[in-house]
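Heads up, the thing below is written out as structure tokens.
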Amino acid sequence: MDDSESIHYLYYPTHEVVEGSGIFIASVLTAYVMEGADTEFQNGINQYGVIYIDNRLRYKDKVDSFYGLFSTRENMDVTMGENLSFLLEEIPLEISDYLTREDRSGDSSGLALTLSSLSKEDNWNNEVPIAVTGAIDKDGNVLEVGLIQEKVQIAARDGHTHMIVPQDNLSEAEKIQQEYSLSIKISGVKNVEDAIEIIEKWNEEAN
């Protein structure tokens with residue numbers, strides 16, 4: 001972040017990692033831009049937000065990065081891939097490939113990847129394309145994530161009528177839904193089991 005002048009949050013299409021699962025990762029593309037750089041996306045339809053960097057933000061970033069290396073919070077020493085291995089008997093090849101992608105960052109796709117993996121099981125039945133965001137820990141709890149406003153807008157833009165978010169993000173997601181009059185049903189979940197129940201409920205309603 002030291003040499004960047006602004007951070008831009010851009011449109012990134014929802015992505016179905018396991019084909020046929022109906023689970024789509026809702027994410028946001030983050031671009032760090034130098035002063036004077038040519039940014040065609042500026043103020044365009046593909047930009048959902050921008051933060052201009054000052055010395056206070058640079059200092060905060062350094063502090064967060066430092067303490068992130070030594071954090072003792074529960075499960076912070078376990079990567080998203082390792083969390084998935086705790087929850088799943090086997091990680092599908094599509095998920096393994098996704099975890100090695102260079103354009104992937106953060107852990108907000110953890111819940112979507114878990115549900116995508118479960119879609120490989122014989123009893124999986126989901127005919128509703130669902131946008132999903134949420135981090136997970138090794139016990140299957142769904143953790144709060146950032147950029148909810150942008151993710152809800154992108155999910156609606158991509159035509160999703162259903163979205164799953166962490167319970168702790170639900171109030172913000174519903175506020176954005178109402179503010180922009182988005183035709184998308186949003187449910188908050190506390191753990192993987194909650195998400196599975198919501199998916200089953202939505203499929204029953206669709207049939």
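A Stokes-Einstein calculation at 20 °C with viscosity 1.002 mPa s, built on the Kirkwood radius of the stretch 77-207 over Cα pairs, returns a diffusion coefficient of 142 µm²/s. The loop-placed GluC sites (Glu not before Pro) in the stretch 104-207, going by DSSP, that have at most 16 neighbouring Cβ atoms within 10 Å of their Cβ come out as Glu121, Glu127, Glu144. Amide H to amide H distances under 5 Å link Thr79 with no residue, where only residues 5 or more positions off or on other chains count and H is placed in the peptide plane.
The GluC sites (Glu not before Pro) of the stretch 3-32 that meet both conditions, a loop assignment by DSSP and at most 11 other Cβ atoms within 10 Å of the site Cβ, are Glu19.
Label separation (Ser183 vs Thr79): 4.2 nm, computed from points 7 Å beyond Cα along the C-beta direction.
Annotation: extensible slack from Lys175 through Leu93 equals 25.8 nm (criterion: 0.36 nm per residue apart, minus Cα-Cα distance). Per residue, the stretch 119-207 exposes 51 Å² of solvent-accessible protein surface, assessed with a 1.4 angstrom probe and all protein chains in place. Rounded to whole numbers, the Karplus 3J(HN,Hα) couplings from phi for the stretch 187-200 are 10, x, 10, 9, 7, 4, 4, 4, 5, 4, 5, 5, 4, 4 Hz, using 6.51 cos²θ - 1.76 cosθ + 1.60 with θ = phi - 60°, and x at Gly and Pro.
The values are calculated or read from the model by the stated rules, or taken from the named source; none is laboratory data. In this text the structure is predicted, and so the values were computed from the model without any measurement. Cβ atoms come from the backbone with ideal geometry, glycine included; neighbour counts cover every protein chain shown. Accessible surface areas use protein heavy atoms only, side chains included; no ligands, DNA or RNA. Shrake-Rupley method; radii C 1.70, N 1.55, O 1.52, S 1.80 Å.
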